[in-house]
Amino acid sequence: MNSRERVLAAINHETLDRIPTDMWATGEVREKLRAHFGSDEAAREALHIDGMGGTWPEYIGPPLPEMPEGETIDFWGIRSRRQVYGTGTYYEMYHHPLEAAQSIDDLEQHIWPSADWFDYSGMRAIAQQARETQAVLCGYMTPFYSHNLLRGLEQSLVDPLEDAEFTHHLLKRLDDFVYEQHVRMFEACDGLIDMAQVTDDYGSQHGPLISLEIFREFYKPYVQRYCDLCHSFGIKVFHHDDGAMRDFIPDLLECGIDILNPVQWVCPGMEQEGLKQDFGDRLCFHGGIDNQQVLPFGTPEEVRAEVRHNIDTLAADGTGYILAPCHNLQAVSPIENIIAMYDEAWNYGRL
């Protein structure tokens, strides 16, 4: 099997030659791997990482404002600032373009992005090249997370409780753009895309961020709409959801998700054995390797034991699992532990 065949076989619960692998990592980690192996491709080959390819349309919309060094702005108007934490650098959002909106009229006065702001013509060639060796991931649909970004996390959590009509209107305006943009993306690459992200973050470290009732009234209809769109093009749905989000899995399965990431098993309800037993016949799991304690602070042998346990549980039937860290590899993770993770996956994951 090549990497593309292996990843798709895991998603489809088919027989594998070995457990496929993927990597999410910060820029600092990728730099360390380049320094160690010589290049990104050399690192991928040495670590036997299957990974995924991708494609995205080019932004050709209204010119974005010039920003000071260390700051960015996107086409939504969301502004971020570089923050150095000593062990790593992140761009943290500091301006949410709809944080001051108080009425539906305020929402209508906002300049919403348009699907016409993007050029889709170059996507197909990129997807065709990627799928020669890798599964192709394209698309990013996030009703709850986009609400967080546009309003700020705290206000977005309060919105449905304070003003349901306002919240429904905001989500509908958001959807007007996101749905049309993805229709055009999928049409441009018809037959070439394997997966798309219909993604959100409903879980915190200890429990849900929102109730199931709020999810079902405000966000689930859009998750359903996006899953249906993906499936109408023969595209599998990749759902990223951090933290303790087990309560949402039955509803998400009703909507049609196919892959669940990142399986943060240290959180309540996310234990691998239970997830595999209850949902393993309908989900492919992606992630699972603990990124809070084991990878950054464990020994290489503890990392190897973590890899074996995840394979034994999340791939108990020999399939339905793509091994990866349970979020971006962080700068504090020693390169010896990263190598140990993928080396153990290569050796122990052979079936």
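Where a number appears in this text, it was derived from the coordinates with a stated rule and is not lab data. Not measured: the values here are computed from a predicted model. Ideal geometry is used to build each Cβ from the backbone, glycine not excepted, and the neighbour counts take in all protein chains shown.
For segment 263-335 versus segment 29-49, the spacing of their alpha-carbon centroids is 22 Å. Take every DSSP beta bridge whose two residues both sit in the chain; close to 40 percent of them are antiparallel. As a rough footprinting exposure proxy, the listed residues L149, L212 were ranked by other beta carbons within 10 Å of their own, and the order from fewest upward is L212, L149. Pairs of Cα atoms nearer than 8 Å and 6+ residues apart set the relative contact order; for segment 194-344 it is 21 percent.
Close amide H contacts of W24 (hydrogens built in the peptide plane, cut-off under 5 Å, sequence separation of 5 or more or a different chain): L329. Along segment 249-255 the Karplus relation, 6.51 cos²θ - 1.76 cosθ + 1.60 evaluated at θ = phi - 60°, assigns HN-Hα couplings of 4, x, 5, 5, 5, 4, 5 Hz to successive residues, with x for each Gly and Pro.
Result for the chain in a Gaussian network model with C-alpha springs under 10 Å: among A130, A331, A35, the largest mean-square fluctuation is at A35.
Using a Förster radius of 35 Å, what is the FRET efficiency between E92 and I335 based on their Cβ-Cβ separation? Nearest 0.05, please. With a Förster radius of 35 Å, E is 0.85. Counted by Cβ distance under 11 Å from F238, the other residues give a net charge of -3, where Lys and Arg count +1 and Asp and Glu count -1. For segment 122-129, the Karplus equation 6.51 cos²θ - 1.76 cosθ + 1.60, evaluated at θ = phi - 60°, returns couplings of x, 5, 5, 4, 5, 5, 4, 5 Hz by residue, with Gly and Pro reported as x.
Computed about its Cα centre, the charge dipole of the chain is approximately 780 debye, with only Lys, Arg, Asp and Glu carrying charge at their Cβ. If you wrap the tightest convex hull around every Cα atom of segment 270-351 and split its volume per residue, you get 76 Å³. Applied to segment 264-272, the Karplus parametrisation 6.51 cos²θ - 1.76 cosθ + 1.60 on θ = phi - 60° returns per-residue 3J(HN,Hα) values of 7, 5, 6, 8, x, x, 9, 4, 4 Hz, with x for Gly and Pro. Between segment 163-229 and segment 54-116, how far is it from one alpha carbon centroid to the other, in angstrom? Distance between centres, Cα-based: 19 Å. Panel order for F279, F186, F118, by other beta carbons found within 10 Å of each beta carbon, from fewest to most: F279, F118, F186. Amide H contacts for A135 (H built 1.01 Å from N in the peptide plane; partners 5 or more residues away or on another chain; cut-off under 5 Å): R4, G53. For segment 44-151, relative contact order (Cα pairs under 8 Å, six or more residues apart, normalised by length) works out to 39 percent. As a length-normalised measure over Cα pairs under 8 Å and 6 or more apart, the relative contact order of the chain settles at 22 percent.
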